[in-house]
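A.B. asks: Please find one structure pasted underneath; my questions will follow.
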Amino acid sequence: MRSIGVGVIGAGVMGAEHARLIACEVSGAHLAAVADADLARAEAAAQGGRTMADPEALIADPAVEAVLVASPDATHQRLVLAAIAAGKPVLCEKPLAVSTDECLEIVAAEARAGRRLVQTGFNRRFDPAYREMKAIMDDEALGGVRILHCQHRNVAAPAWFTGAMAVTNSLVHEIDICRWLLSTEYSAVTVIPSPAGDPVLFVFETEAGSLVSVEVFMNAAYGYHVHAEAVCVKGTIAMAHPAPIRIRRDGAQEGRFPENWIPRFRDAYRIQNQAWVDGIRAGTPPADGSTAWDGLVATCLADQVVAAMATRQRIPLTLPPRPC
Ligand SMILES: NC(=O)c1ccc[n+]([C@@H]2O[C@H](COP(=O)([O-])OP(=O)(O)OC[C@H]3O[C@@H](n4cnc5c(N)ncnc54)[C@H](O)[C@@H]3O)[C@@H](O)[C@H]2O)c1
């Protein structure tokens with residue numbers, strides 16, 4: 001089968017990693033072009049390939065058969081709509097767009113195109129640890145999940161980070177992965193900030209009757225740490241320590257934490273991108289990939305959780321009607 005020409009938009013932290021993965025680690029695809037408003041960044045990420053500053057020119061380029069969007073959140077909707085209009089499959093980093101209305105326009109445009117073109121980059125669905133947790137949950141040997149406890153800790157929030165971004169940028173990953181793990185939708189949320197404002201505790205109720213607790217700690221200092229533990233009827237399923245090795249010395253044992261999400265989720269990004277390319281080649285998008293609708297759900301719920309932060313009240317969570 002032929003190789004798919006992928007164009008990457010945005011060559012920052014995530015885009016440079018996606019470009020490297022397409023060029024070096026994903027089979028059945030090649031890096032056709034990289035676009036970044038900062039041309040020097042595009043050149044650094046392009047592995048000697050074509051570069052441009054204009055993302056619309058990349059989408060229109062005949063050598064680009066599929067588009068990977070890794071530019072800032074606010075640019076996503078315009079670029080995803082342009083890719084759909086060009087009839088090109090698009091893998092868009094999370095969030096799909098910054099408002100529910102923007103996401104609805106994408107869902108409607110894809111429906112008009114008549115085929116699945118959009119995958120939202122909720123990479124954790126391809127992370128081996130989350131996938132193993134889901135397989136054990138779905139097997140039901142441990143009974144149903146009563147509570148799913150999650151931790152999402154970053155070393156330090158950047159200076160430009162706002163309280164709402166703890167939800168729209170970080171918690172949004174748990175919003176997607178937990179509804180995927182539990183195969184259910186959320187019915188309500190309660191938000192309890194710590195007295196210092198960081199960390200914040202989120203407690204979701206689900207339609208399936210299980211609870212989801214998420215601690216988001218933007219300034220956890222010690223490392224990047226994402227963890228989940230499912231408390232089931234007959235046992236628990238917990239992620240092991242993220243470090244692949246343990247060091248024992250001086251009467252103690254240690255395992256290092258990564259600095260950020262790239263080392264922790266490198267396998268997930270690679271497996272996600274490979275599944276996306278395989279889906280394009282086979283004409284069948286990956287079954288577990290996050291769709292445009294899943295992207296809308298995450299953005300829509302994140303907006304409601306931000307509103308709940310202000311009230312500290314338990315609020316019901318709702319979704320707009322799903323277009324046919
Ligand atoms: N899936 C994940 O785990 C994960 C992790 C971090 C970030 N993200 C998402 O990835 C996206 C990129 O984040 P990042 O951390 O790489 O950001 P970044 O700031 O490091 O990089 C963004 C790049 O986009 C370029 N850019 C800005 N406007 C542009 C435009 N209109 N056209 C083309 N290029 C443009 C900038 O010059 C920059 O190089 C964001 O949407 C973010 O939410 C996802």
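The values are calculated or read from the model by the stated rules, or taken from the named source; none is laboratory data. What you see is a predicted model, and the numbers here were worked out from it, not measured in a lab. Reconstructed Cβ throughout: ideal geometry from the backbone, glycine too, with neighbour counts over all protein chains shown.
A.B. asks: Would you mind stating whether V67 is modelled with pLDDT of 95 or more, closer than 17 Å to T120 by Cα, under 24 Å from the mean Cα position of the chain (by Cα) and more than 10 Å from the ligand (Cβ to nearest atom)?
C.D. replies: Yes.
A.B. asks: Just checking, how many residues over segment 32-54 are within 11 Å of the ligand (Cβ to nearest atom), crowded, with 20+ Cβ neighbours inside 10 Å and farther than 11 Å from A11 by Cβ?
C.D. replies: Final tally of qualifying residues: 0.
A.B. asks: Now for a different question. Give me the residue from segment 228-259 that is within 18 Å of F126 (Cβ to Cβ) and within 16 Å of the ligand (Cβ to nearest atom) and, out of that set, modelled with the lowest pLDDT.
C.D. replies: Per the stated criteria, the residue is P242.
A.B. asks: Read through the list (1) touching a residue at least 40 places away in the same chain (Cβ under 8 Å); (2) surrounded by 17 or more Cβ atoms within 10 Å (Cβ to Cβ); (3) among the polar types (S, T, N, Q); (4) within 16 Å of the ligand (Cβ to nearest atom), then give the number of the only condition that S99 fails.
C.D. replies: Against the list (1) touching a residue at least 40 places away in the same chain (Cβ under 8 Å); (2) surrounded by 17 or more Cβ atoms within 10 Å (Cβ to Cβ); (3) among the polar types (S, T, N, Q); (4) within 16 Å of the ligand (Cβ to nearest atom), S99 comes up short only on (2).
A.B. asks: Still on this structure, please answer the following. So for segment 111-127 (the condition being within 11 Å of the ligand (Cβ to nearest atom) and of a type in the set (A, V, I, L, M, F, W, C)), does at least one residue qualify?
C.D. replies: There is at least one residue in segment 111-127 that is within 11 Å of the ligand (Cβ to nearest atom) and of a type in the set (A, V, I, L, M, F, W, C).
A.B. asks: Ok, one more. I'm trying to understand the selection: among the residues of segment 196-209, which are touching a Gly at 6+ places or on another chain (Cβ under 9 Å) and part of a strand (DSSP E or B)? I'd like the intermediate steps shown before the answer.
C.D. replies: Initially, segment 196-209 is screened for residues touching a Gly at 6+ places or on another chain (Cβ under 9 Å), giving 197-198, 200, 208-209.
Of everything in segment 196-209, just one residue is touching a Gly at 6+ places or on another chain (Cβ under 9 Å) and part of a strand (DSSP E or B), namely V200.
A.B. asks: Within segment 72-87, can one find any residue that is part of a loop (DSSP other than H, G, I, E, B), touching a residue at least 40 places away in the same chain (Cβ under 8 Å) and within 8 Å of the ligand (Cβ to nearest atom)?
C.D. replies: Yes: one or more hits.
A.B. asks: Still on this structure: What tally of residues in segment 19-31 results from selecting those that are closer than 19 Å to M52 by Cα and surrounded by fewer than 24 Cβ atoms within 10 Å (Cβ to Cβ)?
C.D. replies: The first filter runs over segment 19-31 and keeps only residues closer than 19 Å to M52 by Cα, leaving 19-20, 22-23, 30-31.
Pick out the ones that are also surrounded by fewer than 24 Cβ atoms within 10 Å (Cβ to Cβ) and you get 20, 23, 30.
Final tally of qualifying residues: 3.
A.B. asks: Conditions: (1) touching a residue at least 40 places away in the same chain (Cβ under 8 Å); (2) assigned by TED's automatic domain parsing to the domain that holds I237. Q119 meets all but one. Number of the miss?
C.D. replies: Here Q119 clears every test but (2).
A.B. asks: Return the only residue of A57, A16 being surrounded by fewer than 16 Cβ atoms within 10 Å (Cβ to Cβ) and either within 13 Å of the ligand (Cβ to nearest atom) or in contact (Cβ under 8 Å) with a residue 40 or more places away in the chain (or both).
C.D. replies: Exactly one residue qualifies, and that residue is A57.
A.B. asks: Report those strands (runs of 3 or more DSSP E) wholly inside segment 210-324 carrying at least 2 residues which are surrounded by 12 or more Cβ atoms within 10 Å (Cβ to Cβ).
C.D. replies: By residue number, 211-217, 225-232, 236-238.
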